[in-house]
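Just so it is clear, none of the values below were taken in a lab; they were calculated from the coordinates. Only a predicted model underlies this, so the values are computations on that prediction, with no experimental measurement involved. Reconstructed Cβ throughout: ideal geometry from the backbone, glycine too, with neighbour counts over all protein chains shown.
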Amino acid sequence: MSTDTTAWNVDTAAEVLLRAEETRTDRHPISDDWPELDVDTAYQVQAALIARKVTQGEKIIGVKLGLTSRAKQQRMGITSPLTAWLTDGMVLEAGVPIPTGELIHPRVEPEIVFVLGERLEGPGVTAATAMAAVRSVYAGIEVIDSRFTDFKFTLPDVLADNASSSRFVIGGVERDPRDLDLALEACVLSVDGTVVDSATGAAVQGHPAEALALAANALADRGLALEAGWIVLTGGMTDAVFVEPGKQIVAEFTHLGSVAVAGE
């Protein structure tokens, strides 16, 4: 039984998570101490957490989708991806090592990345209307870093923690999404030259556009929309791989080029 005596509310939870990130200190799930934390409240915590980052000078530049695999959704008891926020403080420039000294236990996963050409607002967004709003598509790697010990958490916990956001890097090859079959776009993930996993875009909700549409509609339920120019990380294509100092991780795509990162 937890002996935590914190008076839990949205602001308290946001402060606890921000402090854990800043001090590189993992902790047990907040839901252990605050059983009343549900999905709606968790999204409020997430918003309060990002508001604090904005107050500190960061700018919202897009969204990330989580749990885009149908198998993972079934395990968590949901039917659409999680949504979380990207800020300019999360951008990792190509060739810059992952700052492992600033993180707790980072992992990486390859993603198909959209840049929106126009605003996308639900409800009623379909995969076709979602793709019509996409200006360009890139390869990417997201660095995730849960503030919870051993990446163990409930659904509300990970939502409150902005879906384990940390850093992300985008590849240098820009493509028109209308020129590609993104369901068939393949990615091979390797560590120091050894292949560790592979997948296609179909791993992301059947097609990344389906994930984008579901996210737009889910955001609309909270009165939110995706803005023109925003970056969208559509969700991990493979299982996440731990980042080890000095080891190079490469995601090589069929038509989107390759993205490489290395632990510092």
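In the neighborhood of Ser80, defined by Cβ-to-Cβ distances under 15 Å, what is the net charge if each Lys or Arg adds +1 and each Asp or Glu adds -1? Result for the local shell: +2. The three principal axes of the C-alpha atoms in the range 10-262 carry coordinate ranges of 48, 46, 36 Å, sorted with the longest axis first. The label-point distance for Glu174 and Asp192, in a model that sets each label 7 Å from Cα toward Cβ, rounds to 3.7 nm. Our helix-only sum for the chain, with -39,500 (n - 2.57) per DSSP H run of n ≥ 4 divided by its residues, gives a mean residue ellipticity at 222 nm of -7500 deg cm²/dmol. Are there any GluC sites (Glu not before Pro) in the range 1-103 that are in a DSSP loop and have at most 13 other Cβ atoms within 10 Å? List them by number. Counting only loop positions with at most 13 other Cβ atoms within 10 Å, the GluC sites (Glu not before Pro) in the range 1-103 are Glu36, Glu93. Rounded, prolate or oblate, given the Cα gyration tensor of the range 182-264, with a/c below 1.5 counting as rounded? Taking the square roots of the gyration eigenvalues as a ≥ b ≥ c, the range 182-264 is prolate.
The modelled label-to-label distance for the pair Arg70/Leu184, using points 7 Å beyond Cα in the direction of Cβ, is 2.0 nm. Its relative contact order, with pairs defined as Cα atoms under 8 Å and 6+ residues apart, puts the range 10-262 at 28 percent. Within the range 91-178, all pairs of alpha-carbon atoms sorted by distance into 5 Å bins from zero give the percentages 3, 13, 18, 16, 17, 16, 12, 5, 0. Short-range pairs are left out: with C-alpha atoms under 8 Å and at least six residues apart, the relative contact order of the range 184-244 is 32 percent. The relative contact order of the range 126-264, computed from alpha carbon pairs under 8 Å that lie at least 6 residues apart in sequence, is 29 percent. Could you tell me which residue out of Gly263, Leu224, Asn162 lies farthest along the dipole of the range 107-264 toward its positive end? Charges go on the beta carbon: Lys and Arg +1, Asp and Glu -1, centred on the Cα centre. Value computed over the given set: Leu224. Averaging Cα coordinates gives a centre for the range 73-96 and one for the range 19-63; these two points are 13 Å apart. Placing +1 on the Cβ of every Lys and Arg and -1 on the Cβ of every Asp and Glu, with nothing else charged, gives the range 133-191 a dipole about its Cα centre of roughly 100 debye. For Thr68, neighbours were defined as the other residues whose beta-carbon sits under 11 Å from its Cβ, and their charges (Lys and Arg +1, Asp and Glu -1) total 0. Each residue, Gln56 and Lys247, gets one label point 7 Å from its Cα in the Cβ direction; the gap between the two is 2.8 nm. Charged side chains reduced to their Cβ positions (Lys and Arg at +1, Asp and Glu at -1) give the chain a dipole of some 260 debye around its Cα centre.
Taking other C-beta atoms within 10 angstrom as a stand-in for reagent exposure, Phe151, Phe114 fall in the order Phe151, Phe114, fewest first. Got a sec? Charge dipole of the range 10-262, +1 on Cβ for Lys and Arg, -1 for Asp and Glu; which of Ala199, Ser31, Ala209 is way out at the positive end? Looking along the dipole axis, the top candidate is Ala209.
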